[in-house]
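The values are calculated or read from the model by the stated rules, or taken from the named source; none is laboratory data. Since the model is a prediction, treat every value here as computed from it, not as a measurement. Neighbour counts are summed over all protein chains in view; Cβ atoms, including those assigned to glycine, are modelled from backbone coordinates with ideal geometry. Note: areas computed on protein heavy atoms with side chains; ligands, DNA, RNA excluded. Shrake-Rupley method; radii C 1.70, N 1.55, O 1.52, S 1.80 Å.
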Amino acid sequence: MTTSELLKQYRLRANKTQKEWVGSTVSPSFYSKVEKGLNHISADNLIDLLDHNGISAANFFSELRPKRKLQYERERELINLLVDAYYQNSNSKFEQLKRVIELEKLPHQNNLFTLAKSLSALAKSNIEKLDDETKAIIKREIFSLRGFDKQSLAIYCAFMQLYNIDDNLLIARKIVSQFQNSTDVEIQKRILGIIGNLLFLCIENKRYDETKPFVKVANNIPTVPELCFYKDVLLVPINLLNYHFTKEPSYIDNCLKAIDFLSFIGMPAYSKELTKFFSENK
């Protein structure tokens, strides 16, 4: 089906005249020729036309190119699997997924390879081995996102160390603005992880005042069993920040208790890292 045929089909479903259908997006005479296949509508005008009629662009294009829709859904599935492999630190899964990406010949195959390579390097703590071009691609793709979802939140959280503090603050503000009222526990996990990374970064750079809105968002997320670990980790930077603001010794004690608790629940290596961070930034 062509774009002009599908537009006409949508218009007839809505029981609208061509003048009602186009509104002020394009002239009725121009649009009349679009439906006849005599004029080509630009991408911008097409999006404006769909918006004017309350039609989801994603739904429109999925009807126009059903095969491409399936390919995009497969790409999103592979991205989810790559993110899972990163959090599981599974080199075998990365290698398997690379072979799958190579065989399936998807529209954004090169970008998927770049993501697989980058996440694999991060999982091995070898991010410094990524070439500058790969780092630039990842940074550009994340920085230019108009909106985030669960996948891109997880990827950004993993790649925060590629950005300087000002870029991280800018991206994190965008994310918080989009998701601060979300009740989805998986999204809340990502938000708390991002805020935690940002607080540690701000403390290292002595940018204490800029942490206040992020601490407020983190505190407003309810503590439920699925979020206990993320909340526990946040106790360290939040109490350290409170100490810098007030010089109240009890906040130092709270930091040490939080670090000890992480060691107690079976994370001695992470507890050791936090101890080092605490000693260098108290």
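Scanning for something under 30 Å from LYS117 (Cβ atoms), open to solvent by 30 Å² or more (accessible area, probe 1.4 Å) and in contact (Cβ under 8 Å) with a residue 60 or more places away in the chain, does the stretch 67-77 turn up at least one residue?
So the first thing to find is which residues in the stretch 67-77 are under 30 Å from LYS117 (Cβ atoms), and the list is 67-77.
Next, from what is left, pick out any that are open to solvent by 30 Å² or more (accessible area, probe 1.4 Å): 67-74, 76-77.
Still in the running and in contact (Cβ under 8 Å) with a residue 60 or more places away in the chain: 76.
Yes.
Given the conditions (1) at pLDDT below 90; (2) farther than 25 Å from TYR156 by Cα; (3) open to solvent by 60 Å² or more (accessible area, probe 1.4 Å); (4) more than 23 Å from the chain's Cα centre (by Cα), which single one is not true for GLY37?
Exception for GLY37: condition (3).
Could you go through the stretch 255-267 and let me know if any residue there is assigned to a helix (DSSP H, G or I) and within 20 Å of PHE159 (Cβ to Cβ). Can you show your working first?
First, pick out the residues of the stretch 255-267 that are assigned to a helix (DSSP H, G or I): 255-264.
With within 20 Å of PHE159 (Cβ to Cβ) added as a condition, the list becomes none.
No; the residues of the stretch 255-267 include none that is assigned to a helix (DSSP H, G or I) and within 20 Å of PHE159 (Cβ to Cβ).
Please go through the stretch 1-50 and pick out each residue that is part of a loop (DSSP other than H, G, I, E, B) and closer than 23 Å to ARG65 by Cβ.
MET1, THR2, ALA14, THR25, VAL26, LYS36, GLY37, LEU38, ASN39, HIS40, ILE41, SER42 - these are the residues of the stretch 1-50 that are part of a loop (DSSP other than H, G, I, E, B) and closer than 23 Å to ARG65 by Cβ.
Taking the stretch 1-24 on its own, how many of its residues are among the basic types (Lys, Arg), in contact with a helix residue (DSSP H, G or I) (Cβ under 8 Å, 6 or more places away or on another chain) and open to solvent by 70 Å² or more (accessible area, probe 1.4 Å)? Break it down stepwise before answering.
Keep residues of the stretch 1-24 that are among the basic types (Lys, Arg), which gives 8, 11, 13, 16, 19.
Checking the rest, the ones that are also in contact with a helix residue (DSSP H, G or I) (Cβ under 8 Å, 6 or more places away or on another chain) come to 8, 11, 19.
Going one step further and asking which of them are open to solvent by 70 Å² or more (accessible area, probe 1.4 Å), we end up with 8, 19.
Number satisfying all stated conditions: 2.
Within the set of pairs 6+ apart or on separate chains, which have a first residue in the stretch 28-47 that is within 14 Å of GLU5 (Cβ to Cβ), a second that is hydroxyl-bearing (Ser, Thr, Tyr) and open to solvent by less than 80 Å² (accessible area, probe 1.4 Å), and C-beta atoms under 6 Å apart?
VAL34/SER4; GLU35/SER4; GLY37/SER4
Hey, among the residues in the stretch 175-234 that are open to solvent by 30 Å² or more (accessible area, probe 1.4 Å), among the aliphatic types (A, V, I, L, M) and not in a loop (DSSP other than H, G, I, E, B), which one's modelled with the highest pLDDT?
Filtering first and then ranking leaves LEU201.
Read through the list (1) in contact (Cβ under 8 Å) with a residue 12 or more places away in the chain; (2) open to solvent by 50 Å² or more (accessible area, probe 1.4 Å), then give the number of the only condition that ILE252 fails.
Failed condition: (2).
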